[in-house]
Amino acid sequence: MSKILIRGAKVLGGEAQDVLIDGETIAEVGTGLSAEGAQVIEAEGQILLPGLVDLHTHLREPGREDSETVLTGTRAAASGGYTAVFAMANTHPVADTAGVVEQVYRLGREHGYCDVQPIGAVTVGLEGKKLAELGAMHDSAAGVTVFSDDGKCVDDAVIMRRALEYVKAFGGVVAQHAQEPRLTEGAQMNEGVVSAELGLGGWPAVAEESIIARDVLLAEHVGSRVHICHLSTAGSVEIVRWAKSRGIDVTAEVTPHHLLLTDELVRSYNPVYKVNPPLRTERDVMALREALADGTIDIVATDHAPHPHEDKDCEWAAAAMGMVGLETALSVVQQTMVETGLLDWAGVADRMSVKPAAIGRATEHGRPVSAGEPANLTLVDPAYRGVVDPADFASRSRNTPYEGRELPGRVTHTFLRGRATLVDGKLA
Amino acid sequence: MMRHLISAADLTRDDAVLILDTAEEMARVADRPIKKLPTLRGRTICNLFFEDSTRTRISFEAAEKRLSADVINFAAKGSSVSKGESLKDTAQTLEAMGVDAVVIRHSASGAPYRLATSGWIDAPVINAGDGTHQHPTQALLDAFTMRRRLIGRDTGLGKDLAGKRITLVGDVLHSRVARSNVDLLHTLGAEVTLVAPPTLVPVGVETWPCEVSYDLDGVLPKSDAVMMLRVQRERMNAAFFPTEREYSRRYGLDGERMAKMPEHAIVMHPGPMVRGMEITAEVADSDRCTVVEQVANGVSIRMAVLYLLLGGYEPATPATPRTEEN
Ligand SMILES: [Zn+2]
C-alpha cells in the first residue's frame, strides 16, 4: 500500500502538523515531513481526528434491506467520518446468536468502508424473557462485547440483573434502552406542553429516568458496568451524575438530534421528527449539552435509524420512529458543542471516538494520532457551511430531520487502516 | 377566511363571530319549507371517515346537501393507523376525482393537518375530529348554542362570549372537544374552567388559557354553562378512576348539583351521553339541557363553515383589514 501525507492539518484542533500514513499505520507525525513517494493531501485549515466510532447504529441487515444494508450503512458511516460502527441487534432475525453476529461482522469487513462491530441481543428475540447466548456471541469471530435489546427496554429487573452479572465474565457491557413500557403505552411524543396541545400520547421523562435509576443501582449492587443508550432528559443527567459521583460504573450516550432539536418541531406533525426517545424540551437540550461537555454523558452516538420513505410519508401515529444520523452527526456536534464553546475539537475526538471505542472495547479505534497507531482517521473542514440535502446521502434511507437546514462543517476524508474510504467528500 | 379548518386555535375572534353569524343565517333555511340553498351546486365534497361517527357524518352530510353540494361518503374504517399509506393514497384518489373539499375524521391526532399540509391534495380540508386533538366544528356549534341561550338569537349577532363563565367537566385528557372548546371559548372572550380528576387532565395543561379545578361543587355556582364531556367506562379499567360510582359522586351531574347552578345556566353535552355515570336522566331531560339543540345547531354551523370555505366569500366590509394571516 502506498504512502499518504496529510499536510498541515490541525491534529485534534491543535497545532498544524503533517501526518504520514504508511500502509495501515501512522508512520510519522511532525512538521515539514517529506512527501517523497507519498500522495499528498493538502489539509490546511482542516481538523484531523481519530476515525469516529458510533456505538449505536441500525444497519437493518438482515431483514430490512429496503431501508439499509451493511454496505449502504457503512458507506453512510464513511461519509460521516466514521471508521467503526456498532450495529444494533434488532434485525430480522434478531442478532441473538453467534451465526447472525458473525454474518454482520463479515459483511462489514468485506465491504471495507467501516468496521462493523455487532451488538448482541440481551434476550432471545428481544423478548425480555430469556437470556440470549451472550457467551457464544462473545466467543464468535465477531467478538461481541456490547449487548442490547435496543428498541425495547430490558424492563424485567431480574433479567437485567442477571445480564449485568453474566457479562462480567468477559468484560461485556449491557446497553439499556431506558423506557418503562407501561408508562409509555401509546406514547407518540414527549409528554408536556406540546403533547397536551396536539393531543398526542405522551412519553414522560420519568419513564426513562426511573429505568436509569433502577439500572445504576443494579449495576452498583452486582458490581457491573452499564451503558445508557440515547439519554434524553435533564432528569436522566442528574441521575447519571449522581451515580458517577457514587462510583457506579455507568456510561451514557446522547444523540446529535437530542442536542439540537426540541418537541416544538412536532407541531408540524411531520413524522420525520418522530423518534424514540422523543425530542424533548429546550431545557432538556441545554442540560444534555452541558452534561456532554462536563463528561457526565460520555459519548455521542447517532442512533442512525433508517426508514423507507413510505414509513414516514403518512400520518404521525402510523409513522415509524427514528432518524438517520451518520452523515450529519459531526456537523450537529460542531454546531451545538464546538461553536457554542462547550467543547473543543479534542473534546469532540474524545466523545465521538476515544470513549465510544473504549466502552465497546474496539481496541483498534479511538487511538491517539501518533506514530505506530492504526491509521483510522477523519479530516474535517470546519469552515464549510452547507444546506443538508438528503439526495446526497449514501444511506439508503433519507429520513433526516435536517433537510433544508444549514449545518456547519464537512468531513472531507476518512481513512480506514490507511485506506481512504472518503476522498474530498466523495466515497472512494 | 382561512383555507382549511383544522384547529379551533386557528380561528381569530372575527373569523369565529363571522361563522356564528353566518350559521344564524343558515339556521333560517332550516325553518323554510324547502330547506335548500343553491350555493354549492356542482361542487363535490367528500366525507372521509377513517373512524366511525354516524352523528358527525350525518350532520356534515345534511349541511352539504342543504347547500346543494354533491356528496361522496368514504368510510375507511380503522384501516389507516395500521397501514399508514392509506390516508395519502385515498387523498390522492379523491384529488384525481376532482373533489372540491374534504371533510375528514381520523383516529390519529394530526391526520387532517398532514392532509392539508403535505401536498398530497389541493382541496380545502375540514377537520371533523382527529384523535384526541381537535374537533373545531363541534366547538363552533357549542359556542353557537351558548350564544343563543346566554345572549339571544338576534341580540347575539356580531357578539362574542366575553365574560361568560364556562365549565367543562370530565375526561379532558382524551377529549378533542375539550381542546377545541378551550381554544375557541378563550378566543371568544369566555372564562373557561376545566373540572376533572387529576388523572384525566393532561400534563402540560398549565399553559392552556383556562383554570383547572378538581372541585365541581365549588365551580357550579359560578358557571353560565356546564359542559359534560364523555367518559368512557373503559377508562376505569385503565385506573384513571377507581369506580364508576366514585366518578359520578365526584364529577357526575345530578339534579341536586344542577340546582347549585345559577337560574339561567345551561347544561351541555356533545353526545352520546352516558346516562347515570356522567349525567343523570333527570338532568339530561331537563329543559336546561341543550343536547338536542346542539345537534340541530351542528348542521347550521357546518353549513356556515362549508359556505365560507367554498362559497367564494367576499368580506362585507372590505375597509376593515382582517388578521387571519398570522
Ligand atoms: Zn433505543
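Observations on the model:
- Inspection of region A:108-118 identifies at least one residue that is farther than 19 Å from residue A:250 by Cα, without any contact (Cβ under 8 Å) to a residue 24 or more places away in the chain and either open to solvent by 50 Å² or more (accessible area, probe 1.4 Å) or more than 16 Å from the ligand (Cβ to nearest atom) (or both).
- Identity of the residue in region A:178-226, of a type in the set (Ser, Thr, Tyr) and part of a helix (DSSP H, G or I), that ends up farthest from the other protein chains (Cβ to nearest Cβ): A:210
- Among residues of region A:299-315, those that are touching a strand residue (DSSP E or B) at 6+ places or on another chain (Cβ under 8 Å), within 14 Å of chain B (Cβ to nearest Cβ) and at pLDDT 95 or above, counted: 0
- Given (1) surrounded by fewer than 24 Cβ atoms within 10 Å (Cβ to Cβ); (2) in contact (Cβ under 8 Å) with a residue 12 or more places away in the chain; (3) within 14 Å of another protein chain (Cβ to nearest Cβ), index of the condition residue B:179 fails: (1)
- Checked against the criterion of being under 24 Å from residue A:382 (Cα atoms) and open to solvent by 40 Å² or more (accessible area, probe 1.4 Å), region A:68-83 contains one or more residues that satisfy it.
- Cβ-Cβ distances below 6 Å connect no pair with a first residue in region A:44-56 that is at positive phi and away from the ligand (no atom under 16 Å from the Cβ), a second residue that is at pLDDT below 95 and not in a strand (DSSP E or B), and a separation of six or more residues or different chains.
- Of everything listed in (1) away from the ligand (no atom under 16 Å from the Cβ); (2) free of Cβ contacts under 8 Å to residues at least 40 places away in the same chain; (3) closer than 18 Å to residue A:279 by Cα, the single unmet condition for residue A:209 is (1).
- Taking (1) out of contact with any helix residue (DSSP H, G or I) (no Cβ under 6 Å at 6 or more places or on another chain); (2) in contact (Cβ under 8 Å) with a residue 12 or more places away in the chain in turn, residue A:158 satisfies each apart from (2).
- Matching residues in region B:183-202 - criterion: being in a helix (DSSP H, G or I) and more than 10 Å from chain A (Cβ to nearest Cβ): B:184, B:185, B:186, B:187, B:198, B:199, B:200
- Of the residues examined, residue A:25 is one that is among the polar types (S, T, N, Q) and either touching a residue at least 60 places away in the same chain (Cβ under 8 Å) or within 16 Å of the ligand (Cβ to nearest atom) (or both).
- Residue, farthest from the ligand (Cβ to nearest atom), within region A:129-153, restricted to residues that are buried (at least 21 other Cβ atoms within 10 Å of the Cβ) and of a type in the set (D, E, K, R): A:149
Per-residue answers, yes or no, for (1) more than 24 Å from residue A:190 (Cα to Cα); (2) open to solvent by less than 10 Å² (accessible area, probe 1.4 Å):
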position	(1), (2)
A:213	no, no
A:218	yes, no
A:221	yes, no
A:228	no, yes
A:237	no, yes
A:249	yes, no
A:256	no, yes
A:261	no, yes
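- Positions within region A:238-258 being away from the ligand (no atom under 16 Å from the Cβ) and within 18 Å of the chain's Cα centre (by Cα), in sequence order: A:250
- Against the test of being touching a His at 6+ places or on another chain (Cβ under 8 Å) and away from chain A (no Cβ under 14 Å), the options B:161, B:150 yield a single qualifying residue, B:150.
- Residue A:342 satisfies every condition listed in (1) within 16 Å of the ligand (Cβ to nearest atom); (2) of a type outside the set (Asp, Glu); (3) open to solvent by 10 Å² or more (accessible area, probe 1.4 Å) except (1).
- Verdict on residue B:235 being open to solvent by 20 Å² or more (accessible area, probe 1.4 Å), within 14 Å of chain A (Cβ to nearest Cβ) and within 23 Å of residue A:185 (Cα to Cα): yes
- One residue alone among B:212, B:205 is within 14 Å of chain A (Cβ to nearest Cβ), in contact with a strand residue (DSSP E or B) (Cβ under 7 Å, 6 or more places away or on another chain) and open to solvent by 20 Å² or more (accessible area, probe 1.4 Å), and that residue is B:212.
- Pairs where the first residue, in region A:137-152, is part of a loop (DSSP other than H, G, I, E, B) and the second is of a type in the set (D, E, K, R) and more than 9 Å from the ligand (Cβ to nearest atom), C-beta under 6 Å, 6+ apart: A:140/A:102; A:141/A:102; A:142/A:102; A:145/A:361
- Any hit, region A:123-130, residues being assigned to a helix (DSSP H, G or I), within 14 Å of another protein chain (Cβ to nearest Cβ) and without any contact (Cβ under 8 Å) to a residue 40 or more places away in the chain: no
- Of everything in region B:97-147 that is within 14 Å of chain A (Cβ to nearest Cβ) and among the aromatic types (Phe, Trp, Tyr), the residue that is farthest from residue A:316 (Cα to Cα) is B:120.
- One residue alone among B:18, B:67, B:40 is of a type in the set (A, V, I, L, M, F, W, C) and over 13 Å from residue B:301 (Cα atoms), and that residue is B:40.
- Residue match in region A:156-177 (condition: at negative phi, within 16 Å of the ligand (Cβ to nearest atom) and open to solvent by 10 Å² or more (accessible area, probe 1.4 Å)): no
- Single residue of region A:266-298 satisfying the filter (more than 14 Å from every other protein chain (Cβ to nearest Cβ) and within 16 Å of the ligand (Cβ to nearest atom)) that is most open to solvent (accessible area, probe 1.4 Å): A:276
- Subset tally (residues that are in a helix (DSSP H, G or I), more than 22 Å from residue B:54 (Cβ to Cβ) and touching a strand residue (DSSP E or B) at 6+ places or on another chain (Cβ under 9 Å)) for region B:258-306: 3
- Residue match in region B:66-86 (condition: within 14 Å of chain A (Cβ to nearest Cβ) and buried (at least 21 other Cβ atoms within 10 Å of the Cβ)): yes
The values are calculated or read from the model by the stated rules, or taken from the named source; none is laboratory data. This one's a predicted model, so the numbers in the text were calculated from it and none came from an experiment. Reconstructed Cβ throughout: ideal geometry from the backbone, glycine too, with neighbour counts over all protein chains shown. Ligands, DNA and RNA are stripped out before the accessible areas are found, and what is left, the full protein with its side chains, is counted by its heavy atoms. Shrake-Rupley method; radii C 1.70, N 1.55, O 1.52, S 1.80 Å.
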